[in-house]
Amino acid sequence: MLIIAIFCYIIVAILSCVFGTIYLTRSQFMPYHSQALNKQWQELENNYQTLILALMRVAGGGFLATGISIFLLIRVYYTTQENSLLIIMTTMGLITSLGSLLATILVKTKTSASPPFGLSLVSIILIITGASFAFIS
């Protein structure tokens, strides 16, 4: 059971790191941002471009920090078997994923964009599944 839990946490960590890296390294907004604004990147004034990139960097840093932290906590858990680390991983993952889900739902309901809210939903399901298996074992 614990192996399934750790596997779920690892998938969330990988998704967080990938998404975080994408947001940290992009030089312009994502396609769904363009849909939400009904504008191409080049049509935005420089101050709007700067603000959007800054917000993407904050989100990307948060996702990357969550992913790396989960990996590190898994490593420490294997040496200590400290159950509080499972609670920390679950809490971090849920906060990051729920925040992302709320943001994507807001964009989806208030604009014509199609943000990737499914990714946040998958992360939440994996975290809840992982926590369930972790605390049962």
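The values are calculated or read from the model by the stated rules, or taken from the named source; none is laboratory data. Note that the structure is a prediction, hence the values are computed from the model and not measured. Backbone-built Cβ (ideal geometry, glycine too); neighbour counts: all protein chains shown.
Scanning the stretch 99-133 for residues that are out of contact with any helix residue (DSSP H, G or I) (no Cβ under 6 Å at 6 or more places or on another chain) and within 16 Å of Cys8 (Cβ to Cβ) returns Leu119, Leu121, Val122, Ile125, Ile128, Ser132. Restricting the stretch 84-123 to residues that are within 24 Å of Ala36 (Cα to Cα) and of a type in the set (Val, Ile, Thr), the residue that is surrounded by the fewest Cβ atoms within 10 Å (Cβ to Cβ) is Thr109. Does at least one position in the stretch 75-87 carry a residue that is in contact with a Phe, Trp or Tyr (Cβ under 6 Å, 6 or more places away or on another chain) and under 24 Å from Ala131 (Cα atoms)? Yes, the stretch 75-87 has at least one match. Yes or no: the stretch 22-41 includes at least one residue that is of a type in the set (Val, Ile, Thr) and touching a residue at least 60 places away in the same chain (Cβ under 8 Å). Taking every residue of the stretch 22-41 in turn, none turns out to be of a type in the set (Val, Ile, Thr) and touching a residue at least 60 places away in the same chain (Cβ under 8 Å). Collect the residues in the stretch 51-80 that are within 22 Å of the chain's Cα centre (by Cα) and β-branched (Val, Ile, Thr), keeping them in residue-number order. Across the stretch 51-80, the qualifying residues are Ile52, Val58, Thr66, Ile68, Ile70, Ile74, Val76. Taking the criterion of being small (Gly, Ala, Ser) and either over 22 Å from Leu24 (Cα atoms) or modelled with pLDDT under 95 (or both), the only residue of the stretch 47-102 that qualifies is Ser84.
Against the condition under 16 Å from Ser100 (Cα atoms), assigned to a helix (DSSP H, G or I) and in contact (Cβ under 8 Å) with a residue 40 or more places away in the chain, how does Cys8 come out, does it pass? Spelling it out, it is not the case that Cys8 is under 16 Å from Ser100 (Cα atoms), assigned to a helix (DSSP H, G or I) and in contact (Cβ under 8 Å) with a residue 40 or more places away in the chain.
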